[in-house]
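S.K.: Input: one structure, supplied below.
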Amino acid sequence: MSDTLDFRRIPWSPFLLALPAVVVFFGFLLAPLLSTAILSLQAFSLYTGIQNVYNLANYIEIFSDNYFFEIFARTARIAVLTTVLAIVVGAPEAYILMRMRAPWRGLFLLVALGPLLISVVSRTLGWALLFGSNGLINETLMALGLVESPVALMYTEFAVVIALTHVLMPFMIISVMVTLQRLNPQIENASLSLGASGFTTLRRVVIPQMVPGILAGSIIVFAMAASAFATPQIIGGRRLKVIATLVYDEFLYSLNWPLGAALAMLLFAAVIGVTVGCNALAERYFARIYR
Amino acid sequence: MTRSNAATNTGHAYLELASLTKRYGQITVVDSLTLDVRKGEFLSLLGPSGCGKTTTLQMIGGFVEPTSGNIRLQDRDLVRTPPSKRGLGMVFQSYALFPHMTAAQNVAYGLEVRRVGRAECEERVARALDLVGLAKFGDRYPRRMSGGQQQRVALARALVIEPSILLLDEPLSNLDASLREEMQVELRRIQQVTGTTTILVTHDQNEAMALSDRIVVMRAGQVEQIGRPEQVYEHPQTDFVAQFLGKTNLVSASVRTVNGVKEIVIGDQSFACDTALPEGPVRIAIRPEKMRLASSGIPGIVKNRVFQGTLWLLEITSEHGTILVQQPNVGTPPPRIGSACHLDLDGRDIHTFGTGV
Amino acid sequence: MRGRNGFWALAFHTLFVIFVLAPIAVVCLIAFTPESYLAMPTNGFSLRWFEALLDNRDFVTSFQTSLMLGLLSASAAALVAIPASIAIVRYRFPGRLFLLTLCMSPLMIPSIVLGVAFLRYLSQIGLGSTMPGLILSHVIIILPFILRTVMNSFGSLDPALDNAAASLGSSPWTTFRRVTFPLIVPGVVSGWILAFITSFDEVTMTIFIASPGLTTLPVRLMLYIEDSIDPLVAAVSAVLIALAVLTMLIIDRLFGLDKILIGNIDSDKNS
């Protein structure tokens with residue numbers, strides 16, 4: 001009943017307060033995006049550059065060329081595998097972290113989440129050094145006599161997925177922990193007191209309650225993996241292109257900006273579509289339980 | 001009955017609420033409330049949650065705008081005065097202490113925004129903290145204080161600006177039982193020392209009775225009864241008041257005259273009663289502590305008995321429904337559960353409300 | 001939730017920690033190699049690559065650029081985000097939800113899309129390859145972080161505080177200056193730090209708008225790695241890792257890293 005703000009009757013103050021944000025976001029977010037959308041509709045020729053002809057030619061080219069389809073498929077594959085790996089590793093780890101006691105939990109939270117503060121380039125470089133033909137992994141394998149010559153790990157989808165999982169793992173852990181910390185700590189005890197074993201409690205009580213966090217984390221990880229640039233660029237290189245690195249090449253090497261813009265727009269649409277779609281589905285599902 | 005009417009009408013009005021109404025859309029929270037508050041008195045707005053007492057207080061404080069009606073303080077129109085210019089002190093349910101300021105800084109805040117000189121400010125802060133018994137806690141931060149101490153700081157902060165009225169919004173509801181009783185005594189003492197007109201909002205009838213000069217019992221946005229605590233308790237004017245203030249037994253009965261003597265008949269038992277009562281069926285209320293176990297009277301069976309330290313509370317099943325009886329603990333335990341007993345009462349302790357069912 | 005982790009849980013946890021730390025440790029170790037090629041420092045530690053780094057003007061200037069860019073864009077974003085969050089938290093007005101969605105949207109837009117968009121737009125409006133252009137683009141992507149932390153700290157304030165200040169005679173502006181603002185400072189500071197780190201580490205978008213003359217450290221590093229991987233980039237990365245660890249310890253000391261990233265872990269009873 002406490003209507004705290006009744007006495008603020010000046011109607012224009014919120015608009016005044018929001019004005020700088022509105023100006024910045026219209027001028028430097030919506031305008032550039034719109035301009036890119038228009039660019040994606042423009043024609044391009046190698047000799048005259050961008051032309052003032054507007055059509056869907058770039059999109060038609062993308063959809064009709066098998067080369068692009070392969071790259072889209074690879075991007076999706078990498079994003080899905082990364083998401084799955086992040087769930088398989090991140091969700092149990094979040095639960096383990098949550099169960100830790102005072103000094104350990106703080107310490108390992110730093111270990112698990114701290115990498116977020118380190119540049120993606122540095123973290124990916126670490127994987128490049130590990131995966132290289134004379135990197136630590138190959139040297140260990142050879143020293144153990146498991147392989148005779150270095151295994152090709154760099155420039156493989158496997159390597160990209162591993163490195164991306166490492167880069168994006170903290171987001172999954174954060175999401176799951178946010179959900180876990182909202183849980184009533186008595187609930188596990190309630191289940192145990194009703195005679196359920198530890199494993200049954202985990203399966204019937206804990207995991208179902210982690211699902212919203214896992215879903216939220218998956219959406220973030222998938223979206224970021226699908227549009228990741230630095231990691232695929234370093235680990236995958238020119239040989240293993242994904243949409244983001246393809247866009248980069250179109251813009252900075254082929255200089256076919258309209259095609260690059262069309263690719264970027266498609267990536268944007270796909271990411272937003274998946275994110276919003278999953279969110280809506282998840283919300284509809286969980287609304288039944290949590291409302 | 002006549003005394004309670006007199007109490008509401010006499011005395012010079014200090015704060016006047018006239019037909020004060022608050023609606024949120026279709027819902028009327030406060031329904032044309034009219035009330036006079038006298039200078040220096042301690043008035044409680046008492047009622048269950050949702051009765052409009054907090055909204056009333058917030059309208060006085062200026063945090064909720066009335067839909068219609070008037071609030072006048074010594075003939076000054078308050079409705080059109082912003083809260084910061086009303087000069088009322090308020091203690092909030094959550095205390096609302098500024099967490100980044102020490103107790104002394106909290107108390108000094110109202111003086112500083114009034115540009116009171118430094119020396120005077122310090123002196124008044126010290127006096128206010130001393131008044132609430134926190135003279136030594138000035139440089140403590142709220143986080144490091146107990147609930148009761150925070151409560152005192154909030155009180156000192158509200159009082160130091162010498163408010164024309166002190167508004168207390170359920171100030172004791174966040175304290176545990178023993179601390180609450182201690183603070184009730186403190187609050188009453190401080191109010192009597194300062195003489196500040198005080199309006200307390202509470203849903204706790206014991207708190208209202210312990211603290212107030214007058215109690216306003218509210219229900220569904222309207223005043224149910226106004227009076228001194230003992231008047232409201234002893235002479236409830238409605239079922240609701242009788243039931244809300246303490247436990248009460250409601251029984252159907254009738255009044256008749258036998259040999260020129262008025263008596264009240266409950267089942268086949270009759271008791272002499274107030275001669276002013278009109279004859280006919282009535283609904284009566286009688287407090288549990290006014291009922292006695294006796295060798296004759298209304299028959300019943302002990303259904304349950306609860307030991308409450310100084311008291312025994314008995315539930316007696318009778319043909320008039322379950323009747324509560326409170327007995328002082330005098331050493332001998334009351335009859336066991338299941339045993340038969342009789343209830344006696346004094347007809348003059350009975351209140352009646354219109355016709356019985 | 002505070003049961004004990006069993007043997008398998010701890011084994012899993014150990015593997016996880018190795019997985020997380022291995023690439024970071026490898027970078028740091030190789031940075032200390034005395035060799036002229038990528039190798040573990042098996043024959044003793046050497047600082048030769050850090051010395052080479054200090055002599056490399058490109059890396060040094062881009063480090064300065066990154067620092068400057070982070071400071072300026074985080075501060076500018078704070079100046080825009082604080083009033084916006086007040087509007088969103090304290091008022092109900094038409095377009096409020098739109099404003100919130102707009103301000104949070106950069107979190108959902110792939111950085112590569114923003115890079116492409118800014119590449120052309122900034123040069124069209126004459127801000128291509130300039131510091132103001134870089135700052136503006138970074139303000140867009142870091143503003144959501146500050147907005148969120150500031151809104152959270154508004155949300156955790158007792159709504160009665162405003163009324164308490166008003167009842168004591170304080171005008172709305174005085175209340176903001178003396179009560180509200182001091183209480184949201186921690187939110188502003190933690191948001192600012194998150195924003196600074198995000199700006200400092202940003203590479204995907206910045207690689208499109210940076211120019212050879214005006215490049216941030218991660219972009220410079222990225223471009224260098226595209227050409228060749230040698231101990232010098234490991235040394236750069238080791239420096240970045242050291243800085244990250246330092247910031248992490250500072251944040252952890254000031255607010256608790258978990259509180260900034262996850263929310264308040266142990267006090268969620270009353271929310």
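S.K.: Pairwise over distinct Cα atoms, reciprocal of the mean inverse distance: report the Kirkwood radius of segment B:285-357 in Å, one decimal place.
M.R.: Final number for the Kirkwood radius of segment B:285-357 is 12.7 Å.
S.K.: Additional query: If you take all C-alpha pairs in chain B, what percent of them are over 34 Å apart?
M.R.: 39 percent
S.K.: Average partner chain C-beta neighbours within 10 Å, per residue of C:85-92?
M.R.: Counting Cβ atoms of other protein chains within 10 Å of each residue's Cβ and averaging gives 5.
S.K.: Check which residues have an amide H placed less than 5 Å from residue B:64's amide H, if you skip close sequence neighbours.
M.R.: For residue B:64, the qualifying residues are B:59.
S.K.: With every protein chain in place, what's the accessible area of residue B:67 (1.4 Å probe, Å², nearest 10)?
M.R.: 70 Å²
S.K.: A further question on this structure: Please list C:241-252, C:130-141, B:244-255 highest first by mean number of surrounding beta-carbon atoms within 10 Å per residue.
M.R.: Ranked from most to least packed, the peptides come out as C:130-141, B:244-255, C:241-252.
S.K.: Can you give me the pair-distance distribution of chain A, C-alpha pairs, 10 Å bins, whole percents?
M.R.: So the P(r) values, bin by bin, are 6, 19, 24, 24, 17, 8, 2, 0.
S.K.: Related question: Counting trypsin sites (Lys or Arg not before Pro) as exposed when in a DSSP loop with at most 12 other beta carbons within 10 Å, what is the longest stretch of chain C free of them?
M.R.: The answer is C:93-268.
S.K.: Using amide H atoms built in the peptide plane, which far-off residues or other-chain residues are under 5 Å from residue B:90 H to H?
M.R.: HN-HN under 5 Å from residue B:90: B:167.
S.K.: Could you work out the mean projected area of the convex hull around the alpha carbons of segment B:85-174, in square nanometres to one decimal?
M.R.: If I average the Cα hull's projected area over directions, I get 5.4 nm².
S.K.: Could you please put B:203, B:342 in sequence from largest to smallest accessible area, using a 1.4 Å probe?
M.R.: B:203, B:342
S.K.: 5 Å is the cut-off here: which amide hydrogens, built 1.01 Å from N in the peptide plane, fall below it relative to residue B:304, excluding neighbours closer than 5 in sequence?
M.R.: B:315
S.K.: How much of the calculated P(r) for segment C:37-187 lies past 20 Å, in percent of all Cα pairs?
M.R.: 65 percent
S.K.: Loop only by DSSP, 15 or fewer other Cβ within 10 Å of the Cβ. Give me the GluC sites (Glu not before Pro) in segment B:278-357 that pass, ordered by residue number.
M.R.: Answer by residue number: B:279, B:319.
S.K.: Read phi for every residue in segment C:242-259 and hand back ³J(HN,Hα) as whole Hz from Karplus 6.51 cos²θ - 1.76 cosθ + 1.60, θ = phi - 60°, with x for Gly and Pro.
M.R.: Each residue of segment C:242-259 in turn: 4, 5, 4, 4, 4, 4, 4, 5, 5, 4, 4, 5, 6, 10, x, 4, 4, 5 Hz.
S.K.: Across the residues of A:133-140, average count of Cβ atoms on other protein chains within 10 Å?
M.R.: If you average over the peptide's residues, the count of other-chain Cβ atoms is 2.
S.K.: What chymotrypsin sites (Phe, Trp or Tyr not before Pro) in segment A:107-147 are in a loop by DSSP, with at most 15 other Cβ atoms within 10 Å of the Cβ?
M.R.: Counting only loop positions with at most 15 other Cβ atoms within 10 Å, none of the chymotrypsin sites (Phe, Trp or Tyr not before Pro) in segment A:107-147 qualifies.
S.K.: Still on this model: Remind me, relative contact order of segment A:173-230 in percent, using alpha carbon pairs under 8 angstrom and six or more residues apart?
M.R.: 51 percent
S.K.: Starting from the Kirkwood radius over alpha-carbon pairs of the protein assembly as shown, derive D by Stokes-Einstein at 25 °C in a medium of 0.890 mPa s and give it in µm² s⁻¹.
M.R.: The Stokes-Einstein estimate is 74 µm²/s.
S.K.: Please identify the longest segment of chain C free of exposed chymotrypsin sites (Phe, Trp or Tyr not before Pro), where exposed means a DSSP state other than H, G, I, E or B and no more than 14 other Cβ atoms within 10 Å.
M.R.: The longest uninterrupted stretch comes out as C:46-271.
S.K.: Mind telling me which of A:245, A:82, A:200 comes out most flexible in a GNM of chain A, alpha-carbon contacts under 10 Å?
M.R.: Comparing A:245, A:82, A:200 in a Gaussian network model of chain A, the most mobile one is A:200.
S.K.: Further, regarding this structure: Identify the residues of segment B:211-231 with backbone N under 19 Å of a label point that sits 7 angstrom from the Cα of residue B:188 along the Cα-to-Cβ direction, or state none.
M.R.: B:211-217, B:227-231
S.K.: So how far, in whole Å, is the C-alpha centre of segment A:248-268 from the one of segment A:145-198?
M.R.: Using only Cα atoms to place each centre, the spacing works out to 34 Å.
S.K.: Within segment A:7-79, list the trypsin sites (Lys or Arg not before Pro) lying in a DSSP loop whose Cβ has at most 12 other Cβ atoms in a 10 Å radius.
M.R.: Sparse-neighbourhood loop trypsin sites (Lys or Arg not before Pro): A:9.
S.K.: Normalised by the number of residues in chain C, what is the relative contact order in percent for Cα pairs under 8 Å and 6+ residues apart?
M.R.: 28 percent.
S.K.: Still on this structure: Output wanted: per-residue J couplings in Hz (rounded whole) for segment B:304-319, from phi through Karplus 6.51 cos²θ - 1.76 cosθ + 1.60, θ = phi - 60°, x for Gly and Pro.
M.R.: 7, 9, 10, 7, 10, x, 6, 10, 10, 10, 10, 10, 10, 8, 9, 5
S.K.: In peptide B:244-251, what is the residue-averaged number of other protein chain Cβ atoms found within 10 Å of each Cβ?
M.R.: 0
S.K.: When the Debye formula is applied to the Cα atoms of segment A:190-242, each taken as the same point scatterer, what base-10 log of I(q)/I(0) results at q = 0.16, 0.24, 0.26 Å⁻¹?
M.R.: Values returned for q = 0.16, 0.24, 0.26 Å⁻¹ are -0.62, -0.86, -0.92.
S.K.: Between the alpha-carbon centers of segment B:55-121 and segment A:222-244, tell me the distance in whole angstrom.
M.R.: Rounded to whole Å, the Cα centres lie 60 Å apart.
S.K.: Then there is this: Find out how many positive minus negative residues lie around residue A:259, taking Lys and Arg as positive, Asp and Glu as negative, among other residues whose Cβ is under 12 Å from that of residue A:259.
M.R.: So the environment of residue A:259 carries a net charge of -4.
S.K.: Can you give the FRET efficiency to the nearest 0.05 for residue B:265 and residue B:295, using r as the Cβ-Cβ distance and R₀ = 22 Å?
M.R.: Computed FRET efficiency for residue B:265 and residue B:295: 0.65.
S.K.: Tell me, what ³J(HN,Hα) does each residue in segment B:48-58 have, in order and in whole Hz, if you take phi through Karplus 6.51 cos²θ - 1.76 cosθ + 1.60 with θ = phi - 60° and put x for Gly and Pro?
M.R.: So the J values, rounded to whole Hz, are x, 5, x, 8, x, 5, 5, 4, 4, 4, 5.
S.K.: Same structure again: What is the distance in Å between the Cα centroid of segment A:49-82 and that of segment B:229-274?
M.R.: Cα centres, segment A:49-82 to segment B:229-274: 89 Å.
The values are calculated or read from the model by the stated rules, or taken from the named source; none is laboratory data. Remember, predicted model here, so these are calculated numbers, not experimental data. Backbone-built Cβ (ideal geometry, glycine too); neighbour counts: all protein chains shown. What goes into the accessible areas is simple: the full protein's heavy atoms, side chains included, and nothing from ligands, DNA or RNA. Shrake-Rupley method; radii C 1.70, N 1.55, O 1.52, S 1.80 Å.
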